[in-house]
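The values are calculated or read from the model by the stated rules, or taken from the named source; none is laboratory data. Please read all numbers here as calculations on a predicted model, not as lab measurements. Don't worry about glycine lacking a Cβ; one is built from the backbone with ideal geometry, like all the others, and counts go over all protein chains shown.
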Amino acid sequence: MWIDLKRISRYGFVGFFRNGFVSLAAILIMTVTLFVIAALMIAGAALNSTLKQLTEKVDVNVYFTTEAPEESILSLKNSIEALPEVSSVAYTSREEALANFKDRHKNDQLTLQALEELSDNPLGASLAIRAKETSQYESISIFLENAPETTGVGDNEPIVEKVNFFQNKTVIDRLTDIIETSKRLGYGIAIFLIIASILIAFNTIRLAIYTSRDEIEVMKLVGAGHWYVRGPFVIAGILYGFVSGVVVLLVLYPMALWIGPASERFFGTFNTFDYYISAFPLLFFVILGVGVILGALSSYLAVHRYLKH
Amino acid sequence: MIHYDKVTKLYNGGSPAVMDVTLSVEPGEFVSIVGHSGAGKTTLLKLLFAEVDPTEGDVYFGERNMRDFTDRDLVNLRRNIGTVFQDFRLLPTKNVYENIAFAMEAAGRLDEDIEADVPHVLDLVDLGEKMWSFPKELSGGEQQRVAIARAIVNQPDILIADEPTGNLDPINTYEVVQILKKINDLGTTVLLTTHNKGVVDSVGRRVVTMDQGKIIRDDESGKYSL
């Protein structure tokens, strides 16, 4: 068993180098395939980062009346936080709201003087609610609309003055549509390109092995078992995938570095080089893993048809 | 040892390549199968190492019907049959040593045996000096001798030689025939197909004559007579 494995590996390596031209062609095609996969991973990360930025710019604010007691507001905050759709809830007290207002208008003396004229803080507290998905804002708003704090129960006056979702509804709905469409389109294009490039790589290896079909017949004739015939081709396929993967990772480094500043300008905060460095372990395992599995599987299947009795 | 029992082989529903052939070969025999091109000689040999299956009838190897062979049985059978072809069928990406070593490795032989036997068998076919050459660097006669060395290195019970001299000049043809006779003298059963009258006459053993897929003559010590 061990000796067979040693011999199969040796013939795989030797065949890889002696069939230099065929190996080079297979490596070039697999490099293109793996490059497409790597580019899609990076493009996907850029798209997700952009969509996340857009999503983070959206929130729903609940404004309370100036008389609203803080404990009621905090109790509502806890109820909202318990909703599965909610990602975070930020509480701004009346005092903080006033401080923020003053800070925003520090160069506007007229407004500040007008504020001084008032005996009491005119600003109410507020909650800024962020959902996990933009599509979930509507259900959160419906919850708020029906909450006893908004409708008022019995003698208790409603403490919620305004929920700003409905003012922003059109923008939020359009953004949700854009995000969903972008994701669907992105997945569609990615799946199409991945399938197309895998088929091309598979066919290249099939052609490479087609040139060896007579050799396979001879191997069978001298009494080589199926694995003894198939093994060296599978090893060569693994080598095609491995070498192509390494080439892709090496080529991506200068490319990511070069595109980095431009990508940051285009996408906002996403820098291809930073992503390459931070996601290198993921890229390494995915690219080399796909390369090796694709090479081995393509070789296995391509030889299989010539091994049929 | 080998028995063809009313064997017919049709390729893709066309006219039969072999038709209703019954033939027995005993251990140690040297059988020359002769006939024009398309007479069915090669198909008869292909049936023996299961490169093709019979359409009708059965081929027996020893006591066993080859229809009952599993893939594993087939691999073992092929390790027990040496094959030599007109087009040599060497592995082009392996050198002479590796071509012969491959047959031994496939049979599970040890590295020490391979290192000892390959040079020895190459000396037998007078190719010791070409051990590290690749097939494309050899002449036709040399390639055929490598093929013979590969066929006999595992000391098979049967050697099948399908037109082994078809691509060779008279001198190389003579050498190949002498090697085949020597192998037969050492106890290996040899089945040779040829349409070379000189080869058959110089062997001077059993001659089976085929025409249009049928055996039309079977002479114990015959000559080429078509």
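Residue by residue through segment A:1-16, note down the ones that are in contact with a Leu (Cβ under 9 Å, 6 or more places away or on another chain) and either over 9 Å from B:E105 (Cβ atoms) or surrounded by 19 or more Cβ atoms within 10 Å (Cβ to Cβ) (or both).
Initial filter on segment A:1-16 (in contact with a Leu (Cβ under 9 Å, 6 or more places away or on another chain)): A:3, A:12-13, A:16.
Across segment A:1-16, the qualifying residues are A:G12, A:F13, A:F16.
What number of residues within segment B:77-90 are farther than 15 Å from B:F102 by Cα and part of a helix (DSSP H, G or I)?
Summing the residues that are farther than 15 Å from B:F102 by Cα and part of a helix (DSSP H, G or I) in segment B:77-90 gives 1.
Across segment B:70-96, what is the total count of residues that are more than 7 Å from every other protein chain (Cβ to nearest Cβ), in contact with a Leu (Cβ under 8 Å, 6 or more places away or on another chain) and over 23 Å from B:G187 (Cα atoms)?
Final tally of qualifying residues: 1.
Just to check your reading of the model, which residue among B:A103, B:A39, B:A50 is small (G, A, S), assigned to a loop (DSSP other than H, G, I, E, B), facing chain A (nearest Cβ under 10 Å) and within 18 Å of the chain's Cα centre (by Cα)?
Result: B:A50 is the single residue among B:A103, B:A39, B:A50 that is small (G, A, S), assigned to a loop (DSSP other than H, G, I, E, B), facing chain A (nearest Cβ under 10 Å) and within 18 Å of the chain's Cα centre (by Cα).
Modelled with pLDDT under 85, surrounded by 15 or more Cβ atoms within 10 Å (Cβ to Cβ) and part of a helix (DSSP H, G or I): which single residue out of A:I216, A:I238, A:I178, A:I198 fits that description? Lay out the reasoning, then the answer.
Working: A:I216 fails: modelled with pLDDT under 85; A:I238 fails: modelled with pLDDT under 85; A:I178 fails: surrounded by 15 or more Cβ atoms within 10 Å (Cβ to Cβ).
After applying the criteria, what remains is A:I198.
Do you know which of the residues in segment B:134-162 that are at pLDDT 90 or above and surrounded by fewer than 16 Cβ atoms within 10 Å (Cβ to Cβ) is farthest from the other protein chains (Cβ to nearest Cβ)?
Once the filter is applied, the top-ranked residue is B:S139.
Just checking, which of B:G128, B:G204, B:G166, B:G140 is more than 16 Å from the chain's Cα centre (by Cα) and under 24 Å from B:G222 (Cβ atoms)? Outline the logic, then answer.
Details: B:G128 fails: under 24 Å from B:G222 (Cβ atoms); B:G166 fails: more than 16 Å from the chain's Cα centre (by Cα); B:G140 fails: under 24 Å from B:G222 (Cβ atoms).
Within the list B:G128, B:G204, B:G166, B:G140, the selection yields B:G204.
If you go through segment B:22-36 one residue at a time, how many are more than 13 Å from B:I2 (Cα to Cα) and either without any contact (Cβ under 8 Å) to a residue 60 or more places away in the chain or assigned to a strand (DSSP E or B) (or both)? Let's see the steps before the verdict.
Just the residues of segment B:22-36 that are more than 13 Å from B:I2 (Cα to Cα), to begin with: B:32-36.
Applying the additional criterion that residues be either without any contact (Cβ under 8 Å) to a residue 60 or more places away in the chain or assigned to a strand (DSSP E or B) (or both) yields B:32-34.
Count: 3.
Tell me, which residue of segment A:97-140 that is charged (D, E, K, R) and either free of Cβ contacts under 8 Å to residues at least 24 places away in the same chain or touching a Gly at 6+ places or on another chain (Cβ under 9 Å) (or both) is nearest to A:V60 (Cα to Cα)?
The residue in question is A:R104.
Going through segment B:1-18 one residue at a time, which ones are under 30 Å from B:G187 (Cβ atoms) and in a loop (DSSP other than H, G, I, E, B)?
B:M1
When residues of segment B:157-205 are filtered for being in contact with a helix residue (DSSP H, G or I) (Cβ under 7 Å, 6 or more places away or on another chain) and small (G, A, S), how many remain?
Going through segment B:157-205 one residue at a time, the tally reaches 2.
Condition test on A:V32, is it away from every other protein chain (no Cβ under 14 Å), part of a strand (DSSP E or B) and of a type outside the set (S, T, Y)?
So A:V32 fails the test.
Only residues that are surrounded by fewer than 17 Cβ atoms within 10 Å (Cβ to Cβ) and of a type in the set (A, V, I, L, M): list them for segment B:61-112, please.
B:L110
What's the number of the only condition in (1) modelled with pLDDT of 90 or more; (2) crowded, with 23+ Cβ neighbours inside 10 Å; (3) in a loop (DSSP other than H, G, I, E, B) that B:T165 fails to meet?
Answer for B:T165: the failing condition is (1).
Taking the condition out of contact with any strand residue (DSSP E or B) (no Cβ under 7 Å at 6 or more places or on another chain), of a type in the set (G, A, S) and away from chain B (no Cβ under 14 Å), does A:A196 pass?
yes
Scanning segment A:219-235 for residues that are in a helix (DSSP H, G or I) and free of Cβ contacts under 8 Å to residues at least 12 places away in the same chain, which turns out farthest from the other protein chains (Cβ to nearest Cβ)?
If we take residues in segment A:219-235 being in a helix (DSSP H, G or I) and free of Cβ contacts under 8 Å to residues at least 12 places away in the same chain, then A:M219 is farthest from the other protein chains (Cβ to nearest Cβ).
Out of all the residues in segment B:111-130, which are within 13 Å of chain A (Cβ to nearest Cβ) and closer than 17 Å to A:Y11 by Cβ?
B:D111, B:I114
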